[in-house]
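Below is one structure, written out as structure tokens; comments come after it.
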Amino acid sequence: MSDNSLIDALLSPQDPTARQSCKFIIVRGRLSDEAQHALDKAVDGIRQDAGIGKAKRFSATWLAKVLRSFGHDVSVSTIQRHVNKECSCDQPEE
Ligand SMILES: [Zn+2]
């Protein structure tokens with residue numbers, strides 16, 4: 001992370017009323033139905049692999065690499081947030 005984005009982050013305290021849109025889901029929206037399905041399976045795979053430790057087959061790092069190699073600009077932390085359900089996707093609708 002560059003200093004600039006750190007400074008931006010430090011100057012932007014969380015606003016509980018504003019939902020951060022999930023970049024992962026934006027990338028997902030650009031894919032075909034079939035690719036979206038495969039992507040969902042990959043996310044499930046990461047969730048299920050979490051905690052196993054060794055012999056990890058799925059990881060956020062792996063998924064970011066795959067997506068980037070196909071031209072989708074998505075960061076490991078974006079994927080990690082989505083996998084951990086810390087993004088806007090899993091917030092209950094109000
Ligand atoms: Zn998300």
Filtering the stretch 22-46 down to residues that are small (Gly, Ala, Ser) and either outside any helix (DSSP H, G or I) or more than 13 Å from the ligand (Cβ to nearest atom) (or both) yields Ser32, Ala35, Ala38, Ala42, Gly45
What are the pairs with Cβ atoms under 6 angstrom where one residue, in the stretch 71-89, is within 12 Å of the ligand (Cβ to nearest atom) and the other, located anywhere, is at pLDDT below 90 and not in a helix (DSSP H, G or I)? Sequence gap at least six, or different chains. Arg81/Cys87; His82/Cys22; Cys87/Cys22; Ser88/Arg19; Ser88/Gln20; Ser88/Ser21; Ser88/Cys22; Cys89/Cys22
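The values are calculated or read from the model by the stated rules, or taken from the named source; none is laboratory data. Quantities reported herein were computed from a predicted structural model and do not represent experimental measurements. Cβ coordinates were reconstructed from backbone atoms using ideal geometry, including for glycine residues, and neighbour counts include every protein chain displayed.
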